[in-house]
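Student: Quick one: this structure, given as structure tokens, is what I'll be asking you about.
No value in this document is a laboratory result; all are computed from the given coordinates. Model, not experiment: these values are computed from the prediction. Using ideal geometry, Cβ is built from the backbone for each residue, glycine included, and neighbour counts are taken over all protein chains shown.
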Amino acid sequence: MNTGRLKVGLLTTLSRVLGWMPLRLLHAGAVPAAWLLGKLPWQKHAVVRRNLSVCFPEKSGGQQRRLAQAQRVELLRLASELGALAGWSGERLTRHLAQVNGWQDVQTALDNGRGVLMVTGHLGNWEILNLELSRRVDMVTLYRAPDDPALDAFISAARTRFGGRVAASGSAAMRQLLRQLRAGGAVGVAADIQPKRGDGVFVPFLGVPALTMTLVHRLARKTGCAVIFCHALRLPRGRGWALHFQSAPPEILDPDPARALQPMNDWLSAGIRAEPAQYLWIYKRFSKRPIPGGPRFYPKS
């Protein structure tokens, strides 16, 4: 059997099983599973420890270890929500959106014929956020395609099943995003992905200089779109998610990209400090440093 087809088949079966199970049960099961994960050798444990040590230097070693364990629970909860992403009906998804805060900012922009740039980060469940947005608006989501074509096909199918579209990062994607915004549609971007050096500037993020994509700044200035910060945060006891929307401040249009993007990083940092366990700490956010060629930021894999 073709390996790619086998992978898609396994992922489809897994997502169906997860989609059938109650969310509350899945979230509860993540607690013992996270304990086991913490006992297993995994190179991402060192990445998490490094990220927490530089982003929360005020926390004691014990506090950082407890936070590392809490983020393992949330990471497995995120994984268990694959069933919701790939298979839940729109009605079931709506029942689990217990709160929607600030949507009026989005609706007002759309009613006025403006494109809307939806800026999120890897906090809570960004996939559920984009899925729900694709039900509400004409949506194109920018993403970085995985190396595995089978995995890419599965994830893209899940992301687009309510009519949304995806654009793999690259020069062609930039043109597609510009057209979408100028036509009064919506574009989704995860702004905490580390870009290439030529596509970003260093801006403090959680108190650490971080190479930050200038894409948000360029799209906003080129199209005059509304920029909306947004999250889908996980609620306790399997209740689902709370969606939060907030208009970006006028500084997002500052000619200086570093000044323009500081409020974006500040907003995301505030969300992480409020719900630190729900951030994707396994990501090497700070691997590129202001001075190239210096000491390695993360332990060698």
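Student: Can you give the % of DSSP beta bridges in the chain that are antiparallel, to the nearest 5?
Tutor: 40
Student: Listing MET264, MET174 from the residue with the fewest other Cβ atoms within 10 Å to the one with the most, what is the order?
Tutor: The fewest-first ordering by Cβ neighbours comes to MET174, MET264.
Student: Based on the alpha-carbon gyration tensor of the range 97-232 and its eigenvalue square roots a ≥ b ≥ c, which shape applies: rounded if a/c is under 1.5, prolate if not and a/b is larger than b/c, or oblate?
Tutor: In terms of gyration-tensor shape, rounded.
Student: Would you mind checking the pairs LYS39/LYS59; LYS222/LYS284; LYS222/LYS288; LYS59/LYS284 and listing those with alpha carbons more than 24 angstrom apart?
Tutor: LYS222/LYS284; LYS222/LYS288
Student: So which trypsin sites (Lys or Arg not before Pro) in the range 167-251 are both in a DSSP loop and have at most 13 other Cβ atoms within 10 Å of their Cβ?
Tutor: Of the trypsin sites (Lys or Arg not before Pro), the ones in loops of the range 167-251 whose Cβ has at most 13 other Cβ atoms within 10 Å are LYS196.
Student: What trypsin sites (Lys or Arg not before Pro) does the range 47-145 have in DSSP loop regions with at most 14 other beta carbons within 10 Å?
Tutor: ARG144
Student: Right, next: With helices defined as uninterrupted DSSP H runs, which ones in the chain have an alpha carbon span along their own long axis of at least 20 Å and mean Kyte-Doolittle hydropathy of at least 0.5?
Tutor: Membrane-span-like by this criterion, though nothing is claimed about a membrane: 3-20, 23-39.
Student: Gain in length, ARG136 to VAL17, computed as 0.36 nm per residue apart minus the alpha-carbon separation, to one decimal in nm?
Tutor: Difference between extended and current length: 40.2 nm.
Student: How much length, in nm to one decimal, is gained on full extension between GLN107 and LEU10, taken as 0.36 nm per residue of separation minus their Cα-Cα distance?
Tutor: In short, 31.0 nm is gained.
Student: Round to the nearest 0.05 the FRET efficiency obtained for VAL31 and ARG92 when R0 = 22 Å and r is the Cβ-Cβ distance.
Tutor: 0.40
Student: Rounded to the nearest 0.05, what FRET efficiency is calculated for ARG182 and LYS39 with R0 set to 41 Å and r the Cβ-Cβ distance?
Tutor: Calculated transfer efficiency: 0.20.
Student: Per residue and in Å³, how big is the convex hull formed by the alpha-carbon atoms of the range 144-301?
Tutor: 160
Student: Shifting gears a bit: Please work out whether the range 209-300 counts as rounded, prolate or oblate from its C-alpha gyration tensor, where a ≥ b ≥ c are the square roots of the eigenvalues and a/c under 1.5 means rounded, while otherwise a/b larger than b/c means prolate and anything else oblate?
Tutor: Since a/c reaches 1.5 but b/c is at least a/b, the shape of the range 209-300 is classed as oblate.
Student: What does the C-alpha gyration tensor say about the overall shape of the range 1-150? Classify as rounded when a/c is under 1.5, otherwise prolate if a/b is larger than b/c, or oblate.
Tutor: Because a/c hits 1.5 or more and a/b fails to exceed b/c, the range 1-150 counts as oblate.
Student: May I ask which residue of GLY294, TRP241, TRP281 lies farthest towards the positive end of the charge dipole of the chain, with charges of +1 (Lys, Arg) and -1 (Asp, Glu) on Cβ and the Cα centre as origin?
Tutor: GLY294
Student: Still on this model: How big is the C-alpha Rg of the range 3-277 next to the rule-of-thumb value 2.2 N^0.38 Å, as a ratio?
Tutor: Dividing the Cα Rg of the range 3-277 by 2.2 N^0.38 Å gives 1.01.
Student: Okay, moving on. Using a 10 Å cut-off around each Cβ, can you sort PHE154, PHE286 from fewest to most neighbouring Cβ atoms?
Tutor: Taking fewest neighbouring Cβ atoms as first place, the list is PHE286, PHE154.
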